[in-house]
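Notes follow once the structure below has been shown.
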Amino acid sequence: MINNKDLAAIRKDYTLRTFNESQVLTDPVEQFRLWLNEAIEADVNEPNAMTLATVYENGNPSARIVLLKGLSENGFVFYTNYNSNKGKQIQHNPNAALVFFWPELQRQVRIEGVINKGSKKDATAYFQSRPIESRIGAHASRQSEVIKSREELENSYNTLKTLFEKEPLLCPVDWGGFVLKPCSMEFWQGRASRLHDRILFTLHDKKWLIERLAP
């Protein structure tokens, strides 16, 4: 059993890469796209996995891992049940944050911004591209609601699987996309001696201000 002393002793020096102002693209979304492509090429496990942080109505924070499923000038796209906990939190308070961590590259990206619903057309197109098992699962699960047992969930899935062998499998009305439009993005590159590179983009009057932060 690990103890606090063991935890305190866990450390790693970061020496793989550097990140300085001469390397930075002027558009942070394009800089992110470049880093994401490098993560994919480096065979990072789940390169599109991101922590999504939202808040409850009482102001308490809530975070979970979701998958990035789209990226454009409008922002960062992910899909979910609108009646899930995160869906309700976003609809109450659209301010949110994302974090990507690619340990194999010793990199992290922090993003803050405002979330809006994506179009139903895009949600339908993405839903139809998913494996049929995932599409049935979206209908079977009342996401974030309390259920009595695993058996209840599996029975719902099996019932719908039989039904959808005869009926068209449409996108659920309460399922769709959210798009986070960034107002700040921080790129973190691990460096030796904890002297990490941190480059911050902040949106001011529709222009991105680029600054270096102390680690």
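State whether the stretch 5-90 is rounded, prolate or oblate according to the following rule on the C-alpha gyration tensor (a ≥ b ≥ c being the square roots of its eigenvalues): a/c under 1.5 gives rounded; otherwise a/b larger than b/c gives prolate, and the remaining case gives oblate.
oblate
Suppose only helical runs count, i.e. DSSP H with n ≥ 4. What mean residue ellipticity at 222 nm does that imply for the chain under -39500 (n - 2.57) per run, divided by all residues and rounded to the nearest 500 deg cm²/dmol?
Counting only the DSSP helices, I get -8500 deg cm²/dmol.
Determine the distance separating the Cα centre of the stretch 118-135 from the Cα centre of the stretch 167-215; give it in Å without decimals.
Centre-to-centre (Cα) distance: 24 Å.
Order of 146-153, 110-117 by packing, highest average Cβ count within 10 Å first?
110-117, 146-153
Can you count the Lys pairs in the chain with C-alpha separation below 18 Å, eight or more apart or on different chains?
The number of close lysine pairs in the chain is 13.
No lab work stands behind these numbers, since they all come straight from the coordinates. The shown structure was predicted, so the numbers you read here are calculated from the model rather than taken from an experiment. Positions of Cβ are backbone-derived with ideal geometry, glycine not excepted, and every protein chain shown enters the neighbour counts.
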